[in-house]
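Data block below; observations after.
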Amino acid sequence: MMMMLLFPRVSSMAMSNSSKLSQSVREYYRRLSPRGSAVKVTYVWVDGSGEGLRFKTKTLEQEPQNIKDIPEWNFDGSSTGQAEGSNSDMYLVPVRMFRDPFFGDPDKLVLCEVLKYNRKPAETNMRWSCKEAMDLAQTHHPWFGMEQEYTLLGVNGHPFGWPDNGFPGPQGPYYCGVGADKVYGYEIVESHYNACLYAGVKICGTNAEVMPAQWEFQVGPCEGIEMGDHLWMARFLLHRVCQDYGVVATLDPKPVPGHWNGAGCHTNYSTEAMRQSGGIRFIEEAIEKLGRRHAHHISLYDPQGGRDNERRLTGRHETSSLHEFSAGVANRGASIRIPRQVGQDGHGYFEDRRPAANCDPYAVTEALVRTTLLDGPEPSEGQ
């Protein structure tokens with residue numbers, strides 16, 4: 001009975017069947033000690049949709065001390081939208097290791113790149129070219145912080161905690177709210193936060209968002225390629241925690257049509273020059289460059305080439321227009337926001353508010369670096 005109290009109350013129609021399985025039985029098996037020094041390593045990768053995550057687990061005979069101790073593996077790409085059945089084996093190449101909050105120490109989670117049969121990156125492997133850009137720009141020390149918004153749903157697709165027939169009260173009291181009538185699913189948010197801290201993900205905060213059942217967590221500051229690695233693992237942990245609670249986290253940029261806020265992944269960005277005294281000049285130069293390539297960035301800021309963001313970037317509900325570039329101090333309706341404190345101090349960072357919640361963080365951070373520092377097109381652009 002006490003175990004059930006750990007989970008939020010939700011109608012049985014909205015919860016997944018697996019979440020109703022006996023937790024006490026599960027705990028018995030979790031307490032079993034592994035043989036000798038055997039360690040479970042869970043491989044995590046992005047699938048052919050560019051949004052979904054997959055995972056599989058194998059046993060290693062001893063605890064890996066670094067990423068080089070974890071061997072490459074493979075999977076059936078024809079079942080993940082990444083290969084044809086006649087040539088389906090794909091390579092999993094470990095790139096970053098984390099502690100496993102579900103199995104516990106010494107077990108590991110490992111984020112992987114996906115390579116095709118010819119050792120070239122899979123179409124949805126955005127890390128490959130992002131790493132190339134970050135290596136070229138490393139002397140500028142680009143820092144990022146990404147604000148991941150998401151919405152909790154029942155497995156029936158209905159927003160978590162919303163009335164079965166109808167809508168909650170209008171937006172206003174939910175943002176950073178407190179109280180059972182304003183906050184839906186905090187147990188999940190808290191569990192995810194702790195799982196990220198345990199794993200070693202650089203999560204730095206969380207808050208309830210404007211629409212009820214919508215939340216945000218922030219990851220950063222991270223330098224270079226580290227940003228994408230940590231955000232993808234934070235997303236995996238979110239989906240995995242929600243699985244235990246029997247609900248779903250969606251990154252849909254506009255999960256509920258109408259007068260409800262959409263979901264973005266606002267990206268804070270700075271270089272070493274921007275962070276130093278007088279850095280506002282470099283911030284303004286970067287914004288001018290971004291304005292000249294607005295359409296290109298929009299095409300990269302959601303997996304559908306801008307079509308997902310079309311539903312969100314309407315110029316309403318704290319968004320800019322998809323079709324117009326704008327910038328301003330403390331303006332949450334602009335494409336680029338310069339925080340008020342940065343404007344006063346004359347140095348710091350700026351926030352790109354255009355990326356959708358379901359963006360690929362590698363694509364977003366690479367685009368920012370290539371446009372503002374490398375003054376050249378992405379490999380896929382005009383080559």
Of a type in the set (D, E, K, R), without any contact (Cβ under 8 Å) to a residue 40 or more places away in the chain and under 29 Å from Glu216 (Cα atoms), is that true of Asp105? yes
Looking at segment 206-224 only, could you name the residues that are open to solvent by less than 20 Å² (accessible area, probe 1.4 Å), part of a strand (DSSP E or B), more than 30 Å from Leu136 (Cα to Cα) and not hydrophobic (A, V, I, L, M, F, W, C)? Gln214, Glu216
Tell me whether segment 91-100 contains one or more residues that are modelled with pLDDT of 95 or more, assigned to a loop (DSSP other than H, G, I, E, B) and not aliphatic (A, V, I, L, M). yes
Quickly run through segment 87-110 and pick out the residues that are under 30 Å from Leu32 (Cα atoms) and touching a Gly at 6+ places or on another chain (Cβ under 9 Å). Met97, Phe98, Arg99
Checked segment 272-301 for anything hydroxyl-bearing (Ser, Thr, Tyr) and either free of Cβ contacts under 8 Å to residues at least 40 places away in the same chain or open to solvent by 80 Å² or more (accessible area, probe 1.4 Å) (or both); matches are Ser277, Ser299
Going by what's in this entry, would Glu132 be described as within 27 Å of His192 (Cα to Cα), charged (D, E, K, R) and touching a residue at least 40 places away in the same chain (Cβ under 8 Å)? no
Restricting to segment 304-326, count the residues that are within 22 Å of the chain's Cα centre (by Cα) and open to solvent by 40 Å² or more (accessible area, probe 1.4 Å). 7
Any residue in segment 67-88 that is surrounded by 18 or more Cβ atoms within 10 Å (Cβ to Cβ), under 24 Å from Asn194 (Cβ atoms) and not assigned by the TED database to the domain that holds Lys202? no
Considering each of Val329, Val342 in turn, give the residue that is in the same structural domain as Pro255 (by the TED database), surrounded by 19 or more Cβ atoms within 10 Å (Cβ to Cβ) and not basic (Lys, Arg). Val342
Could you pull out the residue among Phe217, Phe236 that is aromatic (Phe, Trp, Tyr) and within 19 Å of Met126 (Cα to Cα)? Phe236
Please go through segment 98-144 and pick out each residue that is within 29 Å of Val241 (Cβ to Cβ), open to solvent by 50 Å² or more (accessible area, probe 1.4 Å) and aliphatic (A, V, I, L, M). Met126
List the pairs whose first member sits in segment 58-72 and is under 13 Å from Leu92 (Cα atoms), whose second member is polar (S, T, N, Q) and modelled with pLDDT of 95 or more, and whose Cβ atoms are under 9 Å apart, counting only residues at least 6 apart or on separate chains? Lys58/Thr42
Applying the selection to segment 327-370, what residues are of a type in the set (A, V, I, L, M) and either at pLDDT below 95 or more than 22 Å from the chain's Cα centre (by Cα) (or both)? Ala327, Val329, Ala330, Ala334, Ile338, Val342
Taking into account only those residues within segment 161-201 that are open to solvent by less than 70 Å² (accessible area, probe 1.4 Å) and more than 25 Å from the chain's Cα centre (by Cα), which is nearest to Val110 (Cα to Cα)? Gly179
Within segment 33-54, the residues that are closer than 15 Å to Asp105 by Cβ, surrounded by 15 or more Cβ atoms within 10 Å (Cβ to Cβ) and among the hydroxyl-bearing types (Ser, Thr, Tyr) are Thr42
Subset of segment 134-160, residues under 13 Å from Glu226 (Cα atoms) and touching a Ser or Thr at 6+ places or on another chain (Cβ under 8 Å), comes to Met134, His141, Pro142, Trp143, Phe144, Gly145, Met146
Taking segment 184-205 and keeping only residues that are assigned to a strand (DSSP E or B) and free of Cβ contacts under 8 Å to residues at least 24 places away in the same chain, one is left with Gly205
Being of a type in the set (Asp, Glu) and open to solvent by 100 Å² or more (accessible area, probe 1.4 Å) is the filter here, so list the residues in segment 55-66 that pass it. Glu61
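The values are calculated or read from the model by the stated rules, or taken from the named source; none is laboratory data. Just so you know, these numbers come straight off a predicted model, no measurement behind them. For neighbour counting, all protein chains shown are included, and Cβ atoms are generated from backbone atoms with ideal geometry for every residue, glycine included. Ligands, DNA and RNA are stripped out before the accessible areas are found, and what is left, the full protein with its side chains, is counted by its heavy atoms. Shrake-Rupley method; radii C 1.70, N 1.55, O 1.52, S 1.80 Å.
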